[in-house]
Amino acid sequence: MSEKIQNIPIAKPWMGEAEAEAATRAIMSGWITQGPEVAAFEQEFAAYVGAKYACAVSNCTTALHLALLAVGVQPGDEVITVSHSYIATANTIRYCGAIPVFVDIEPQTYNINPLLVEAAISDKTRAILVVHQMGMPCDLKAISDIARSRNLPVIEDAACAIGSEILWNGEWEKIGQPQTDIACFSFHPRKVIATGDGGMITTNNPEWDKQFRLWRQHGMSVPDTVRHGAKQVIFESYPMLGYNYRMTDIQAAVGREQLKRLPEILERRRYLARRYQEGLADVPGLKLPTQPAWAKSNWQSYCVRLPEGCDQVEVMQVLLDAGISTRRGIMCAHREPAYQREAWSCVGSLVESEQAQERAIILPLFHQMTEAEQDRAIEALKTACQIPA
């Protein structure tokens, strides 16, 4: 009897005994909610990306929400962003009562097209929210120049971009330093490092960081760590409306171990991305992802655009039948049923965003992926691309 071929997942977190022991450490300490492990994770994360401040929260969606509030986004304001992103990007703008103004993407990088941003700015624009799609840095320099000329803050949805770098003023800097105003990260299992779920906000603005820390814990005036360590009785107060956006110490303990693994994870992912580039270079009509000279992606995902005449669903089904998981191109928020009811606008067409959703697929890429598994994915895609639609 032939051995059953194992399915290849789209992604898989790389965790082991170190993470299990870290979680046990937090559990056995008796302090399992936001506490000393969170504080240590924040310090280590800030040091890694080169930011002055890092604030841990429950996920990247809550991070984006707080970032928008910090820069003053209010009901009726407009925030320029892309539709071509996970729906959380647009949703956080609506959480503030503001209107997402969608602009189209560059087909080569799947990132916001800077040439379209200026035309989207109005007297209601309060911020620009960019996305480093699938870990590929967007053109922050071009966006930043536009924003500074119009006195607008820039928030980076860096959910996928931990470890990615950008050439900034002649030096390679990590996404999240931040090169703009605020950057927000995700630790969801599909991301490069994971804590089960979780997020981080980085900034160099001390007032914003202070605000994040108040908001994430219901606006509590005295942190738990201060109250529990006090030698005198302290009563907290709640001077503002806040949220329950905290990260637990169990998650943070795991995150600290994941951060230690990050250099090795990045090296492996970049190696596997190069193998995809080499292995798929000769497929007629298949468009491979483009990395600008000023960017270093962490390759959170490897996304290809199918040749003309290839049906996206059929190609994905061929790969699935061969035991290889894929995902369609990144969604477009404006096409989702929720945004038939929610307010949004756009400047010009969103044709590149829509075509990317319809024509692209995401291939498996994860740290533990073997060369043999990757070769299976490459050969299966080659076969699928030869099948007429």
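The values are calculated or read from the model by the stated rules, or taken from the named source; none is laboratory data. On a predicted model such as this, the values are computed, not experimentally measured, just so you know. Reconstructed Cβ throughout: ideal geometry from the backbone, glycine too, with neighbour counts over all protein chains shown.
Things to note:
- Residue 317 being of a type outside the set (Gly, Ala, Ser), within 30 Å of residue 360 (Cβ to Cβ) and not in a loop (DSSP other than H, G, I, E, B): yes
- Qualifying strands (runs of 3 or more DSSP E) (wholly inside segment 68-143; at least 1 residues being polar (S, T, N, Q)): 78-82, 125-131
- As a summary of the residue check, residue 299 satisfies the conditions (1) hydrophobic (A, V, I, L, M, F, W, C); (2) without any contact (Cβ under 8 Å) to a residue 40 or more places away in the chain; (3) at positive phi except for the one numbered (2).
- Near pairs, Cβ below 7 angstrom, 6+ apart or cross-chain, from segment 161-175 (at positive phi) to any residue that is surrounded by fewer than 19 Cβ atoms within 10 Å (Cβ to Cβ) and modelled with pLDDT of 95 or more: 163/262
- Looking across segment 280-325 at every residue that is over 27 Å from residue 189 (Cβ atoms) and among the hydrophobic types (A, V, I, L, M, F, W, C), the one that is surrounded by the most Cβ atoms within 10 Å (Cβ to Cβ) is identified as 310.
- Members of segment 153-164 found to be crowded, with 24+ Cβ neighbours inside 10 Å, assigned to a loop (DSSP other than H, G, I, E, B) and of a type outside the set (Gly, Ala, Ser), listed by number: 160, 162
- Looking across segment 165-179, the residues that are outside any strand (DSSP E or B) and buried (at least 16 other Cβ atoms within 10 Å of the Cβ) come down to 175, 176, 177, 178, 179.
- Unmet requirement for residue 363, which otherwise passes all of (1) of a type in the set (A, V, I, L, M, F, W, C); (2) crowded, with 17+ Cβ neighbours inside 10 Å; (3) farther than 30 Å from residue 319 by Cα: (3)
- Near pairs, Cβ below 9 angstrom, 6+ apart or cross-chain, from segment 279-292 (without any contact (Cβ under 8 Å) to a residue 60 or more places away in the chain and more than 11 Å from residue 306 (Cα to Cα)) to any residue that is assigned to a loop (DSSP other than H, G, I, E, B) and hydrophobic (A, V, I, L, M, F, W, C): 281/288
- Filter result for the condition that a residue is closer than 28 Å to residue 275 by Cβ and in a loop (DSSP other than H, G, I, E, B), over 357, 374, 368: 368
- Within segment 344-354, being exposed (fewer than 12 other Cβ atoms within 10 Å of the Cβ) and either among the hydroxyl-bearing types (Ser, Thr, Tyr) or not in a helix (DSSP H, G or I) (or both) holds for one residue alone: 349.
- The residues of segment 1-48 that are assigned to a loop (DSSP other than H, G, I, E, B), under 30 Å from residue 362 (Cα atoms) and touching a residue at least 60 places away in the same chain (Cβ under 8 Å), listed by number, are 5, 6, 7, 9, 10, 11, 12, 13, 14, 15.
- Any hit, segment 288-296, residues being part of a loop (DSSP other than H, G, I, E, B) and aromatic (Phe, Trp, Tyr): yes
- Residue 243 modelled with pLDDT of 95 or more, under 23 Å from residue 110 (Cα atoms) and surrounded by 13 or more Cβ atoms within 10 Å (Cβ to Cβ): no
- Every residue from segment 142-182 that is over 17 Å from residue 103 (Cβ atoms) and among the charged types (D, E, K, R): 148, 165, 171, 173, 174, 181
- Leading residue by the ranking (surrounded by the most Cβ atoms within 10 Å (Cβ to Cβ)) among those in segment 253-279 that are within 22 Å of residue 161 (Cβ to Cβ), hydrophobic (A, V, I, L, M, F, W, C) and in contact with a helix residue (DSSP H, G or I) (Cβ under 9 Å, 6 or more places away or on another chain): 254
- Number of the condition not met by residue 304 [criteria: (1) of a type in the set (Val, Ile, Thr); (2) under 30 Å from residue 21 (Cα atoms); (3) more than 18 Å from the chain's Cα centre (by Cα)]: (2)
- Meets criteria (acidic (Asp, Glu), within 25 Å of the chain's Cα centre (by Cα) and part of a helix (DSSP H, G or I)) for residue 278: no
- Condition check for residue 248: surrounded by 14 or more Cβ atoms within 10 Å (Cβ to Cβ), β-branched (Val, Ile, Thr) and farther than 14 Å from residue 38 by Cα: no
- One residue stands out among those in segment 215-240 that are of a type in the set (Lys, Arg) and assigned to a loop (DSSP other than H, G, I, E, B): the one that is surrounded by the fewest Cβ atoms within 10 Å (Cβ to Cβ), which is 231.
- Complete set of residues in segment 317-340 that are more than 24 Å from the chain's Cα centre (by Cα) and in contact (Cβ under 8 Å) with a residue 24 or more places away in the chain: 318, 319, 322, 323
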